[in-house]
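Computed from the coordinates by the stated procedures, all read-outs in this text should not be read as laboratory data. What you see is a predicted model, and the numbers here were worked out from it, not measured in a lab. Because the Cβ atoms are built from the backbone with ideal geometry, glycine has one as well, and the counts that use them run over all protein chains shown.
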Amino acid sequence: MKCAMFTAGVAVWLGTVVTILSRSHGDRNVYPSAGVLFVHVLEREYFKGEFPPYPKSGDASNDPITFNTNLMGYPDRPGWLRYIQRTPHSDGVLYGSPTAEHVGKPTVIEITAYNRRTFETARHNLVINIMATEEFPLPYQAEFYIKNMNVEEMLASEVLGDFLGAVKNVWQPERLNAINITSALDRGGRVPLPINNLKEGVYVMVGADVPFSSCLREVESPHNQLRCSQEMEPVISCDKKFRAQFHIDWCKISLVDINKVVPVYITRPDPGTGILPEFGEYNPPSESLKSRDYFSDFLITLAVPSAVALVLFFILGYTMCCRREGVEKRNMQTPDFAIYVVNDSFLITIHMFICVLTSIHPMGCSKK
Ligand SMILES: *[C@@H]1O[C@H](CO)[C@@H](O)[C@H](O)[C@H]1NC(C)=O
């Protein structure tokens with residue numbers, strides 16, 4: 001009996017150890033080639049299995065899951081690697097174009113998955129070993145602008161495969177690779193209105209080993225250039241090969257033959273020693289500047305208005321004190337206390353003035 005319990009205990013312990021080991025052994029290796037588009041899908045399903053069983057877990061199949069991805073030991077991803085997850089209910093996608101300078105040291109990406117309902121997390125490492133391509137970078141590069149796709153839809157392997165298939169069909173190269181993919185939003189595109197299922201649009205760059213086919217060059221004809229400048233769709237004979245799935249803006253296609261691209265040498269200014277040349281001590285001008293005459297300014301801004309105000313003051317005072325008519329007569333007719341309130345010519349003037357000013361106001365005198 002004791003022996004059976006011991007065996008069971010050991011089995012449980014072993015099971016736990018194995019689970020822990022297998023969990024910490026979550027590194028995945030991928031081997032993308034430099035100069036070729038790299039796509040890695042972070043599958044919700046895969047990470048869901050990693051979350052420890054949660055008591056009362058309910059329907060775990062629809063938990064919102066988000067991911068955080070960063071270069072191990074750093075807060076963010078390396079510059080060439082981009083990440084998109086449209087909603088917590090869709091898969092996340094890591095994608096980007098490693099170049100020859102990234103070949104060599106493995107890039108370790110820490111992937112942390114968060115279950116937004118149970119607050120469980122799971123962590124994995126993705127080890128990206130970028131391989132050098134023996135073949136030269138594909139010399140003929142064409143970039144298509146696809147209007148009816150979002151970047152994450154285009155990254156799905158079957159969609160990208162369909163697109164490459166269509167390109168192959170109209171170009172007939174030996175080798176064809178997707179090189180880069182960019183959301184139109186990263187090129188100054190706008191977020192579409194949420195109507196008619198409008199998409200953001202995506203730029204896909206592909207490279208091939210043979211010159212561009214005549215069909216790809218059709219947009220360069222004068223006729224099509226004219227149509228493009230008038231914002232009309234150009235007439236491209238092979239557009240029908242794409243049309244069912246991909247709406248291509250042929251006016252935005254760019255065809256680059258990297259053998260013909262003239263390298264641009266940027267001449268940088270000579271940085272110098274960082275020390276200014278010796279000019280000796282600063283010598284302030286010895287004689288002080290001629291003092292400025294402010295008298296005319298004073299006259300115009302202060303004295304003249306003051307003089308005018310003074311004249312007006314005296315006129316008003318004279319009128320008020322010495323030129324009033326009928327003061328004696330009024331004083332005889334009106335009780336003393338009312339003299340100060342009404343019927344004074346000065347007060348009436350002010351009252352009328354205020355009435356004019358406030359006549360627009362609902363409480364104006366006219367309404368009384
Ligand atoms: C791929 O596209 C991104 C975004 O437009 C750009 O920053 C990056 O340099 C491109 N990479 C290559 C290898 O062309």
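Values for this structure:
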quantity	calculated
Cα gyration tensor category, rounded, prolate or oblate, for the stretch 151-225 with a/c compared to 1.5	oblate
Chymotrypsin sites (Phe, Trp or Tyr not before Pro) restricted to the stretch 72-179 and DSSP loop, no more than 10 other C-beta within 10 Å	Phe119
Residues with amide H under 5 Å from that of Leu42, placed H, sequence gap 5 or more	Gly92, Val93, Leu94
Total charge dipole magnitude, the stretch 140-257, about the Cα centre, Cβ charges on Lys, Arg, Asp, Glu only, Debye to nearest 20	220
Electrostatic dipole magnitude of the stretch 24-128 [Cβ: Lys, Arg +1; Asp, Glu -1; Cα centre; debye, to 20]	140
